[in-house]
Every structure is written in C-alpha cells, then in structure tokens.
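K.L.:
Can you keep this structure in mind? I'll have questions shortly.
The values are calculated or read from the model by the stated rules, or taken from the named source; none is laboratory data. Quantities reported herein were computed from a predicted structural model and do not represent experimental measurements. Ideal geometry is used to build each Cβ from the backbone, glycine not excepted, and the neighbour counts take in all protein chains shown. Quick note on the areas: whole protein, heavy atoms, side chains included, nothing else; ligands and nucleic acids left out. Shrake-Rupley method; radii C 1.70, N 1.55, O 1.52, S 1.80 Å.
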Amino acid sequence: MKLFGYLLRTGRVLILVTGFAALISGACNAGLIAIVNRVLNNVPAGTAVILAFAALGLGKLVSSWASQIMLTRFAQHATARFRQDLAARIMGVPLRTLEHIGAPRVLVTVTDDILNLALAMMSIPITAVNAAMLVGGGVYLVFLSWRGVLIMAVLIAVGAVVHRLLFHKAHRC
C-alpha cells in the first residue's frame with residue numbers, strides 16, 4: 001500500500017492516463033473479439049463491420065503503444081526519484097545504525113529492491129488491459145449466453161477454492 005501511495009504522490013495524472021489508455025486497449029480487444037465472432041457466425045461483413053474492425057485494431061495499437069510509452073517514462077522517473085529519496089534517507093541515518101544494518105542489506109535495497117519495484121510498475125498496463133478484456137468479454141458472454149456465464153462463474157469459484165486448498169497444503173509441508 002505504501003508503494004501505491006508513493007506512486008500516486010509522484011505521478012497521479014500519469015497513472016490515471018496510462019490506466020485509461022490500457023483500459024481502452026482492453027476494450028478494443030473485446031470489441032475485436034466480438035466482431036470476429038460475428039463474422040464467424042456467418043453474419044455478412046459489410047463496410048461498417050470492416051471499418052469498425054479497422055478502427056478497433058488501430059485503437060488497440062495506439063492505446064497499447066501510448067500506455068506502454070507513458071508507463072515506461074513514468075517508471076524510469078519514479079525509480080530515479082525513489083533512489084534519490086532513498087539515498088537522502090540513508091545519508092541522514094547515523095553511521096552506527098548503518099553499521100548495524102550492514103552494507104550488503106543497504107546495497108540490496110538500493111539495487112535489487114528498487115529494480116523489482118520498477119518491474120512491478122511496468123505490469124500496470126498489462127493488468128489494466130487484461131481487466132478490461134475480462135469485463136468486456138464477460139459482458140459479451142452475458143449477451144451470448146447467460147447460462148454460459150453461470151457455468152463459467154461456478155467453474156472459476158471451484159478453481160479458486162481448489163487452488164487455495166492446494167496452496168495451503170503445499171505451504172504446510
């Protein structure tokens with residue numbers, strides 16, 4: 001939670017714009033799937049369908065590209081700023097405390113941990129795209145078959161419970 005607070009403090013607008021672009025990309029993906037399904041079900045592909053497919057494809061490409069570029073820039077800026085903040089905090093710690101913590105632990109924090117945070121930030125657009133595709137696909141599936149949605153929901157619930165049980169059993173051993 002502290003990471004999200006830090007990210008929101010350093011670039012709230014950029015995160016919102018990036019998330020919005022990623023959601024548009026996911027919505028375009030869901031729209032493309034709906035169009036392909038419609039054409040596969042022998043509905044004639046007129047000019048409107050072809051134009052919609054082209055527009056959604058272009059929207060997908062542009063929004064994916066925009067969200068990735070914006071988030072890469074943001075991640076680089078946030079990582080550099082986080083390192084600067086961390087270095088300033090380390091410089092403010094008394095030498096005795098630093099010796100007690102140990103140089104290896106401080107170096108791991110400055111190098112590896114910050115790299116892991118940057119990689120975590122890079123997954124935000126992918127998560128937003130997948131969430132939008134899941135919601136869009138779910139809405140489309142409700143439109144096609146509400147029974148299919150119920151079956152899918154039951155299977156997801158059973159899968160989640162089985163996963164949790166196996167996960168806890170594995171960690172007890």
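K.L.:
Taking only C-alpha pairs under 8 Å that are 6+ residues apart, what is the relative contact order of region 61-142 in percent? Could the numbers behind the result be given before it?
P.N.:
On the way: 20 pairs, mean separation 41.1, N = 82.
This gives 50 percent for region 61-142.
K.L.:
Report the calculated FRET efficiency for Thr97 and Arg12 (r = Cβ-Cβ distance, R0 = 25 Å), to the nearest 0.05.
P.N.:
Working: r = 33 Å, r/R0 = 1.32.
Efficiency, rounded to the nearest 0.05: 0.15.
K.L.:
While we're on this one: Go ahead and collect, in residue order, the members of region 49-85 whose backbone nitrogen is under 18 Å from a label point 7 Å along the Cα-Cβ direction of Val43.
P.N.:
Flagged as within label range: 49-57.
K.L.:
Could you tell me the accessible area of Ser64 in Å² (1.4 Å probe, neighbours in place), rounded to the nearest ten?
P.N.:
Approximately 30 Å² of Ser64 is accessible to the 1.4 Å probe.
K.L.:
Farthest toward the dipole's positive end in region 62-146, which of Ile124, Thr111, Val142, given Cβ charges of +1 (Lys, Arg) and -1 (Asp, Glu) about the Cα centre?
P.N.:
About the Cα centre, the residue reaching furthest to the positive side is Thr111.
K.L.:
Taking the chain on its own, what percent of its Cα-Cα pair distances exceed 22 Å?
P.N.:
Cα-Cα pairs of the chain separated by over 22 Å account for 64 percent.
K.L.:
So for the chain, averaging the separation of alpha carbon pairs under 8 Å that are six or more residues apart and normalising by length, what relative contact order in percent results?
P.N.:
RCO, the chain: 35 percent.
K.L.:
Still on this structure, please answer the following. Per residue, what accessible area does region 1-132 have, given a 1.4 Å probe and all protein chains present, in Å²?
P.N.:
With all protein chains present, region 1-132 gives 66 Å² per residue.
K.L.:
Right, another one. Going by accessible area, probe 1.4 Å, with all protein chains left in place, what is the ranking of Thr127, Thr79, largest first?
P.N.:
Thr127, Thr79
K.L.:
A follow-up question, please. Report in % the part of the accessible area of the chain that belongs to carbon and sulfur, leaving out ligands and nucleic acids; probe 1.4 Å.
P.N.:
Carbon and sulfur together cover 73 percent of it.
K.L.:
Dipole of the chain, Cα-centred, from +1 at each Lys and Arg C-beta and -1 at each Asp and Glu C-beta, to the nearest 20 debye?
P.N.:
On the way: 15 positive and 4 negative charges, 65 e Å.
That gives the chain a dipole magnitude of about 320 debye.
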